[in-house]
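Chemist: One structure follows; several queries about it will come next.
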Amino acid sequence: MSIMHAPLIIDVAGLSLTDTDRQRLAHPLVGGIILFGRNWQDRAQLTQLCREIKQVRADLLIAVDHEGGRVQRFRTDGFTHLPPMHALGDAWLRTDTGQPGANALAASNAAAAAGYVLGAELRACGVDFSFTPVLDLDHGGSTVIGDRAFARDARVTTALAQSLMHGLRMSGMGNCGKHFPGHGFVKADSHTDIPVDKRSLKTILAEDAAPYGWLSATLDAVMPAHVIYPKVDSRPAGFSSRWLNAILRQRLGFDGAIFSDDLSMAGARLIDGRTVSYTEAAQVALRAGCDLVLLCNQSVADGGEPIDELIEGLSKAQIQGVWQPSEASEQRRLSLLPATPAPDWDELMVSPRYMRALSLLP
């Protein structure tokens, strides 16, 4: 009996599924879909789109980048405008005027509230999962991270992320820490460049990667950075077995799902000094230790041919034995699906927990 493993997370171009979308999503190597702003018109449309996806296959993971602040795909028709995570960090670090630690406790409560509101609103529309929280530290020079980070201090970041993750769990949604081992120190944007962080492994583990060790028992998923750390490995972290297996899994004790970041980003296209195809990038990431790989924004290019090429390429790699599916990876994917029924939107809006959570947001 062949091992089942659906590692590909793809996207669709429009507000509803086409027949071609359905064929792609039905492929046994496709494990989920990532939504973008172009897939949003209003809540009714989003809910119907999610319903169409689940009608293709109930086990497909419907995911989105929905962090708060400037990275929030759905903002209208009732969705709460969530604060950037740096606002929570600022609240934590605000000078206490009364009882010591009061601001830190209030910020933790606000982070839990943000996680609950974020998860509950998405789930009420049929979305299963959001790629959050950002665990990158704010070193002050990264424009792509910036106020997406909680704080410069790894301890503050960890505490607030833990609270946010608690709120997500209350809503029935999992979590994904990103971008391991840290994207906040480098200035270059891995969407368009190949950032290089020349610090030592000792320094990175003591600072940027510290939250991953402290949160290893509660993180459901991790997304590595398309950043090269040459004193550790010549490959970006998401393509490095040393980073993903020797450090993240063995040294830091993480046992959840590992997602690659978007394979279409510039930081994923150059491996070992040469430009690679999406198929080769996916294979390298999976062999390095990723359980799932994302290919984003390719449904809008050339009729989605890059997606078809990746599906066909990975299929051939499996048949030829170049890539071997992983039952453990498939179980990690399935574990990210919500285990509780989604809330009804109208009932959610008047529920005491939701209304209290809204009142706690900064």
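Chemist: Of the residues that sit in the range 1-25 and are polar (S, T, N, Q) and part of a loop (DSSP other than H, G, I, E, B), which one is nearest to the chain's Cα centre (by Cα)?
Modeler: Once the filter is applied, the top-ranked residue is Ser16.
Chemist: Shifting gears a bit: Take the range 82-113 and flag every residue that is under 24 Å from the mean Cα position of the chain (by Cα) and among the basic types (Lys, Arg).
Modeler: Once the filter is applied, which keeps residues that are under 24 Å from the mean Cα position of the chain (by Cα) and among the basic types (Lys, Arg), the range 82-113 yields nothing.
Chemist: In the range 345-362, which residues are over 15 Å from Gly119 (Cα atoms), under 27 Å from the mean Cα position of the chain (by Cα) and not in a helix (DSSP H, G or I)?
Modeler: Pro362 - this is the single residue of the range 345-362 that is over 15 Å from Gly119 (Cα atoms), under 27 Å from the mean Cα position of the chain (by Cα) and not in a helix (DSSP H, G or I).
Chemist: Which pairs have Cβ atoms under 9 Å, sit 6 or more apart or on different chains, and link a residue in the range 186-207 that is more than 16 Å from Pro224 (Cβ to Cβ) to one that is modelled with pLDDT of 95 or more and assigned to a helix (DSSP H, G or I)?
Modeler: Within 9 Å, the pairs are Ala206/Ala154; Glu207/Ala154.
Chemist: Can you find a residue in the range 30-41 that is in contact with a Cys (Cβ under 7 Å, 6 or more places away or on another chain), closer than 23 Å to Glu280 by Cβ and not in a loop (DSSP other than H, G, I, E, B)?
Modeler: Yes, the range 30-41 has at least one match.
Chemist: Same structure, new question: What residue, among those in the range 23-52 that are under 20 Å from Cys125 (Cα atoms) and charged (D, E, K, R), is surrounded by the fewest Cβ atoms within 10 Å (Cβ to Cβ)?
Modeler: Start the filter on the range 23-52 by keeping residues that are under 20 Å from Cys125 (Cα atoms), which leaves 25, 31-52.
From the residues that got through so far, the ones that are charged (D, E, K, R) too are 38, 42-43, 51-52.
Details: Arg38: 15, Asp42: 14, Arg43: 18, Arg51: 11, Glu52: 16.
For the range 23-52, the residue satisfying everything is Arg51.
Chemist: List the number of the failed condition for Ala104; all other conditions in (1) modelled with pLDDT under 95; (2) in a loop (DSSP other than H, G, I, E, B); (3) in contact with a helix residue (DSSP H, G or I) (Cβ under 8 Å, 6 or more places away or on another chain) hold.
Modeler: (2)
Chemist: From the list Val127, Val156, Val186, pick out the single residue that is in contact with a Leu (Cβ under 8 Å, 6 or more places away or on another chain) and not in a helix (DSSP H, G or I).
Modeler: Numbers: Val156 fails: not in a helix (DSSP H, G or I); Val186 fails: in contact with a Leu (Cβ under 8 Å, 6 or more places away or on another chain).
Result: Val127 is the single residue among Val127, Val156, Val186 that is in contact with a Leu (Cβ under 8 Å, 6 or more places away or on another chain) and not in a helix (DSSP H, G or I).
Chemist: Kindly provide the set of residues from the range 54-73 that are in contact (Cβ under 8 Å) with a residue 60 or more places away in the chain and over 19 Å from the mean Cα position of the chain (by Cα), ordered by number.
Modeler: Within the range 54-73, Lys54 is the sole residue that qualifies.
Chemist: Also, I was wondering about something else. Based on what the data block shows, is Val64 at pLDDT 95 or above, among the aliphatic types (A, V, I, L, M), under 30 Å from Glu347 (Cα atoms) and surrounded by fewer than 23 Cβ atoms within 10 Å (Cβ to Cβ)?
Modeler: Here the answer is no, as Val64 does not meet what is asked.
The values are calculated or read from the model by the stated rules, or taken from the named source; none is laboratory data. Bear in mind the structure is a predicted one, so any value in this text is a computation, not a measurement. Neighbour counts are summed over all protein chains in view; Cβ atoms, including those assigned to glycine, are modelled from backbone coordinates with ideal geometry.
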